[in-house]
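Peer 1: Structure below; questions to follow.
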Protein chains: 2
Amino acid sequence: MKSWIESANTGETDFPVQNLPYGVFSRADEAPRCAVAIGDQVLDLAALEAAGLLSVGASEPVFDRPALNAFMALGLGAWDMARIQLTNLLADGDDPALKDDADLGARALVPMADATMHLPFEVSGYTDFYSGRQHAYNVGVMFRGPENALPPNWLHIPIAYNGRASTVVVSGTDIRRPLGQMKPHGEDAPIFGPSRRLDIELEMGMVVGSPNAMGEPVTVDEADAMIFGFVLLNDWSARDIQAWEYQPLGPFQAKAFATSISPWVVTAAALAPFRTSTPEREHELFPYLRETGPMLYDIELEITMQPEGAAKATTISRTNYKNMYYSPAQQLTHHAIGGCAMNTGDLLGSGTISGPEKDQYGSLLELTWGGKEPLALEGGETRKFIENGDRLTLKGWAQGDGHRIGFGECTGTILPSPEQKDW
Amino acid sequence: MKSWIESANTGETDFPVQNLPYGVFSRADEAPRCAVAIGDQVLDLAALEAAGLLSVGASEPVFDRPALNAFMALGLGAWDMARIQLTNLLADGDDPALKDDADLGARALVPMADATMHLPFEVSGYTDFYSGRQHAYNVGVMFRGPENALPPNWLHIPIAYNGRASTVVVSGTDIRRPLGQMKPHGEDAPIFGPSRRLDIELEMGMVVGSPNAMGEPVTVDEADAMIFGFVLLNDWSARDIQAWEYQPLGPFQAKAFATSISPWVVTAAALAPFRTSTPEREHELFPYLRETGPMLYDIELEITMQPEGAAKATTISRTNYKNMYYSPAQQLTHHAIGGCAMNTGDLLGSGTISGPEKDQYGSLLELTWGGKEPLALEGGETRKFIENGDRLTLKGWAQGDGHRIGFGECTGTILPSPEQKDW
């Protein structure tokens, strides 16, 4: 299938007509509103809705808003209606209502270069899982040795902790290096100051569209249908703050300073052709976690790093979402099993996605093995952890036949810590 | 100071004119709106604002809403303005504008018995601290022995984890016993089913009124001024789910099913006469955590338990908020130190408040020492943990000279687990 928008047909673009990811954009002095990406254009859904070309059965307009939540809350039926209408309007040879309306096209199609992207949805809650087996093993080896690397619950439970929703930011937002307490190796007492071991975690973020009621668990199939889509997610982590604070209640300030996500939410519908099965189970799972079909996705991922002033970025890792042990539907089911209410706009991180090989790891902690094996970057610099001015970028795409379903990028540059106050 | 509303002057009421806690109420078929409690009455602030008797300098009405957030976001100046105006209207012999307006009084004063109380604010984020030394010690002894009871970071950091905001409910909401995975002592493999070791945690909840920007830490004094008020908080906990899941990332489904809070937010202003200092420091704190004055509060607390059908409730614990090692201002400062954005409506649990004596512990885990020493209830029943139909109630008040600044109650009854689906 081709689009009449030629830039969507290159095979290289992240945004062919098969994708149609949702985001929120504005131009200078305009209010943010909902959009889809198509080729090198942003399509203004508020304009389409106002023109009567897009209707999802709601009593009020849902796209003329600064967040996708109202649309997402309508559920699977409305998501399917929108996808059918948008595909018809944008595919070559189908509905000419947009293609032939030069006036509407001039208003509704905005070059991506002119659009400022915003956080695509209000983040109701943010939870971070730990469902990558290679990552859990690597971290376990570093902290506890290879015999006890995987915690005893890990093969039974998609382990997770609650993250901080208030600091989820859109790609492109600069991130300040956090201040905090840490206890360097060999020191008797903790110290206070800027983190010295600042890291990334490459993850996929699941976006919950449909809620469940408090006290009412859901099946894996029900959970699968609650998922609106996915974003790239960078769970920035201060390893030295984490090591000192995390016992016994888990990571807190080590992760609370920022989490970056890509501006485009790629829908579960667009990713349906790329479903794949989770790996063979080592222990049989409890019935509530058993999948009824392929519920994981084959998505290529990579990380690049570019120091300030460096001529080009270095690709430091290539991996794939299909490496995860638990699927997003399993994670969401577990999240609700005790009766936890999941809401429209909840963001669930997959956990760090590390492949089996050393150049497939999803964090610097693993890639440099705790700082012992620095990375060599193009241009000659080396890195154990992130330095000020470094720009870290995640990319991801599912490779189709002649097109790819891409996520764009999730990028952020590290700024120095805030000045310390006169405490 | 007395009120012309006689029920506010009894000395026994939680709600004298010195208190004026904020909540959200409705009567049958009415929209929820903001109120203060006075004696046995609920005073409708939307009615006062519409009548021109209450103005907090906002461009739009802030009290005709189903949550306190809009009012709280106005900050300390507006909170002080409201307190002065309401005190003048309700104290005997001051402003007669409400006292002498029988028509307005009939509309604005609602008997508490006729009011349904709602969650008083939208919970932006929920964080749970672990700042009670006796509690941390007790739990540590049970899990690690007395030598290693207190984690090494505990005397340096107000340890906390992110909780789940979506299941914070108002007092009176029934709570379903959670399903989950657990691994009973002596078993080789985990089991799945309803929690068998369901517990409470007696805490105070701090309610953040004024935000800080992401990347901008605050001083302890700044944090102190950001706090709008306090509620009673019951951090329901499934101990068996917790024990199996919590390593290495902390409590998750063991806590996510419900957190109950009292309907009335008692302001920091009303509690000002009851400020008290935190205990002597065993290690000097980093400068960012040092208090400039008394920032903890002297608040009496108790827990009652009443099985279904029991004639009366049994008081199972009496303790005091002043037992905490870290003050709310210290907790909030630590929460923001890495750059975490704190928002209007954030709820921060103090941690379980256990006094030094055995009948002063704030959880059944401690009161029954892990189930080994069952509690004897009035009427002859005994309890290790909570059984279905049990009603647990928290109460709290600061004792003044002839009056008390009370919190009302925070209560909840445990219902059986949801029926297991045909997984």
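Peer 1: Determine which member of the set A:GLN85, A:GLN134 is part of a helix (DSSP H, G or I) and touching a Pro at 6+ places or on another chain (Cβ under 8 Å).
Peer 2: A:GLN134
Peer 1: Considering each residue of region A:208-238, count those that are more than 18 Å from B:GLY180 (Cβ to Cβ) and either more than 13 Å from chain B (Cβ to nearest Cβ) or of a type in the set (A, V, I, L, M, F, W, C) (or both), and give that number.
Peer 2: 16
Peer 1: List pairs: first in region A:274-285 and within 15 Å of A:ALA398 (Cα to Cα), second hydrophobic (A, V, I, L, M, F, W, C) and in a strand (DSSP E or B), Cβ under 6 Å, 6+ apart or cross-chain?
Peer 2: Hits for this filter: A:PHE274/A:ALA398; A:THR276/A:LEU296.
Peer 1: Next question. Can you confirm whether region A:187-207 contains a residue that is at the interface with another protein chain (Cβ under 9 Å from one of its Cβ atoms) and open to solvent by less than 20 Å² (accessible area, probe 1.4 Å)?
Peer 2: Within region A:187-207, one or more residues are at the interface with another protein chain (Cβ under 9 Å from one of its Cβ atoms) and open to solvent by less than 20 Å² (accessible area, probe 1.4 Å).
Peer 1: Sticking with this structure for a sec: Select from region A:136-161 the residues that are touching a helix residue (DSSP H, G or I) at 6+ places or on another chain (Cβ under 8 Å) and open to solvent by less than 10 Å² (accessible area, probe 1.4 Å) and list them in ascending order.
Peer 2: Correct list: A:ASN138, A:GLY140, A:ALA149, A:ASN153, A:TRP154, A:ILE157, A:PRO158, A:ILE159, A:ALA160.
Peer 1: Just need a number here: residues in region A:150-165 that are within 15 Å of A:LEU233 (Cα to Cα) and without any contact (Cβ under 8 Å) to a residue 24 or more places away in the chain.
Peer 2: 0
Peer 1: Quickly run through region B:303-321 and pick out the residues that are buried (at least 18 other Cβ atoms within 10 Å of the Cβ) and of a type outside the set (A, V, I, L, M).
Peer 2: Across region B:303-321, the qualifying residues are B:THR304, B:GLN306, B:PRO307, B:SER317, B:THR319, B:ASN320, B:TYR321.
Peer 1: Could you list, in sequence order, all residues of region B:163-181 that are part of a strand (DSSP E or B), facing chain A (nearest Cβ under 9 Å) and open to solvent by 10 Å² or more (accessible area, probe 1.4 Å)?
Peer 2: Restricting attention to region B:163-181, the residues satisfying the condition of being part of a strand (DSSP E or B) are B:168-170, B:175-176, B:179-181.
Restricting the remaining residues to those that are facing chain A (nearest Cβ under 9 Å) gives B:169, B:175-176, B:179-181.
Across region B:163-181, the qualifying residues are B:VAL169, B:ARG176.
Peer 1: Another question about this same structure. Filter region A:385-403 down to residues that are within 19 Å of A:GLY309 (Cβ to Cβ) and either part of a strand (DSSP E or B) or touching a Ser or Thr at 6+ places or on another chain (Cβ under 8 Å) (or both), then give me how many there are.
Peer 2: Step one: of region A:385-403, the residues within 19 Å of A:GLY309 (Cβ to Cβ) are A:385-393.
Filter once more, keeping what is either part of a strand (DSSP E or B) or touching a Ser or Thr at 6+ places or on another chain (Cβ under 8 Å) (or both): A:385, A:389-393.
Qualifying residue count, region A:385-403: 6.
Peer 1: Just checking, which of B:GLY389, B:GLY351 is out of contact with any strand residue (DSSP E or B) (no Cβ under 6 Å at 6 or more places or on another chain), in contact (Cβ under 8 Å) with a residue 24 or more places away in the chain and assigned by TED's automatic domain parsing to the domain that holds B:TRP264?
Peer 2: On the way: B:GLY351 fails: out of contact with any strand residue (DSSP E or B) (no Cβ under 6 Å at 6 or more places or on another chain).
Every option except B:GLY389 fails the conditions.
Peer 1: On to the next question. Out of contact with any Gly (no Cβ under 6 Å at 6 or more places or on another chain), away from chain A (no Cβ under 14 Å), more than 28 Å from B:THR127 (Cβ to Cβ) and open to solvent by less than 50 Å² (accessible area, probe 1.4 Å): which single residue out of B:GLY379, B:GLY362, B:GLY371 fits that description? So that I can check it myself, show each step before the final result.
Peer 2: Values: B:GLY379 fails: open to solvent by less than 50 Å² (accessible area, probe 1.4 Å); B:GLY362 fails: more than 28 Å from B:THR127 (Cβ to Cβ).
Going through B:GLY379, B:GLY362, B:GLY371 in turn, the sole match is B:GLY371.
Peer 1: Please verify whether region B:42-61 includes one or more residues that are charged (D, E, K, R), outside any helix (DSSP H, G or I) and surrounded by fewer than 17 Cβ atoms within 10 Å (Cβ to Cβ).
Peer 2: Scanning region B:42-61, I find at least one residue that is charged (D, E, K, R), outside any helix (DSSP H, G or I) and surrounded by fewer than 17 Cβ atoms within 10 Å (Cβ to Cβ), so the answer is yes.
Peer 1: If you don't mind, there's one more thing I want to ask. State all residues of region B:110-131 that are buried (at least 19 other Cβ atoms within 10 Å of the Cβ) and aliphatic (A, V, I, L, M); if no residue qualifies, say none.
Peer 2: Scanning region B:110-131 gives B:VAL110, B:ALA115, B:MET117, B:LEU119, B:VAL123.
Peer 1: Here is a follow-up. Only one of B:PRO263, B:PRO279, B:PRO248 is crowded, with 20+ Cβ neighbours inside 10 Å, part of a loop (DSSP other than H, G, I, E, B) and more than 14 Å from chain A (Cβ to nearest Cβ); which? Walk me through how you get there before you give the answer.
Peer 2: Numbers: B:PRO279 fails: crowded, with 20+ Cβ neighbours inside 10 Å; B:PRO248 fails: more than 14 Å from chain A (Cβ to nearest Cβ).
Going through B:PRO263, B:PRO279, B:PRO248 in turn, just one is crowded, with 20+ Cβ neighbours inside 10 Å, part of a loop (DSSP other than H, G, I, E, B) and more than 14 Å from chain A (Cβ to nearest Cβ): B:PRO263.
Peer 1: Right, next: From the list B:GLY39, B:GLY52, exactly one residue is touching a helix residue (DSSP H, G or I) at 6+ places or on another chain (Cβ under 8 Å) and at positive phi. Which is it?
Peer 2: That would be B:GLY39, the only listed residue that is touching a helix residue (DSSP H, G or I) at 6+ places or on another chain (Cβ under 8 Å) and at positive phi.
Peer 1: Going residue by residue through region A:70-93, is there one that turns out to be farther than 26 Å from A:VAL170 by Cα and at pLDDT below 95?
Peer 2: Taking every residue of region A:70-93 in turn, at least one turns out to be farther than 26 Å from A:VAL170 by Cα and at pLDDT below 95.
The values are calculated or read from the model by the stated rules, or taken from the named source; none is laboratory data. Just so it is clear, the structure is predicted and the values come from calculations on it, not from any experiment. Quick reminder, even Gly has a Cβ in these numbers, built from the backbone with ideal geometry, and neighbours come from all protein chains shown. Each accessible area value is taken on the protein alone, full model and side chains, heavy atoms only, with ligands, DNA and RNA left out. Shrake-Rupley method; radii C 1.70, N 1.55, O 1.52, S 1.80 Å.
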